[in-house]
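J.: I'd like to ask some things about the structure below.
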Amino acid sequence: MTQVDDCSSDDSYSTVSSTVSRSTTINEERIYRVACLGTPGCGKSQLLFTYCSGFPLNWVKEIFDNYHKKVLINNSKNIHLEISETNSIEELESIKGDNGLNHIDCFLICFSITNRKSFESCYSLWYQELIKNNLANTKSSTPIILIGTKNDLRNTINNKNENYYSNNESYIEDPCNDGKPYVSYDEGLEMSKKIGAAHFFEISSLLNKTGSIEDLFNKIAVVVYNKNKSKNKKKKSGCIIN
């Protein structure tokens, strides 16, 4: 079962629809920029590719500099998301602008539930880098959404890990996970609180049950739109007219 948890529920919305493209240029007044972070192999590319193409079974990785997503919020407001994929701190450095990473409107931090190293890096690597750039743990923090990928594997393999973990003879050791049980939903939830994430999602790019990936990106759209609207209100309230 796909599980979704909102660590804060300020981003309510009624109707959201979207279309996706992988073009590199879009003529729009405002593009909301999203950086998708995570260690190699954690499922970021599959997540983005699934949203664009439905993840065919004969999926072959394609490389795109940016993914663009057009989203309609409340049947009245069109916004565009530009999503860049980042595998390392060096790649994150490469997308910095004149004001560092302040042009990024939202950070997606991804981990695979089958790989604890990718899970631990959410805090030890990615979150620490955001703090270093004054983008996290501040009043004006850029929104973070935590995403656990490949949760379909928990249903097929990790059930045995959980049921037989105390029995060494029956325990199935995953070479990608150092023989440890897969990351549980509760652990992901705790991590989301630890890094101050606005939302926590578990998804499967393979199964995409009940439109969970669509729901994920719709939520992202609302988060960045509401955050920007809040910033604009603060700017207006701070104006002094002589």
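Readers should treat all values here as calculations from the given coordinates under stated rules, not as data from a laboratory. The structure presented is a predicted model; accordingly, all values stated were derived computationally and were not measured. Positions of Cβ are backbone-derived with ideal geometry, glycine not excepted, and every protein chain shown enters the neighbour counts.
J.: Based on other C-beta atoms within 10 Å, arrange Phe111, Phe217 from fewest to most.
T.: Phe217, Phe111
J.: Name the long-range amide H neighbours of His103: under 5 Å, sequence gap of 5 or more, or other chain; modelled H, no Pro or chain starts.
T.: Correct list: Gly97.
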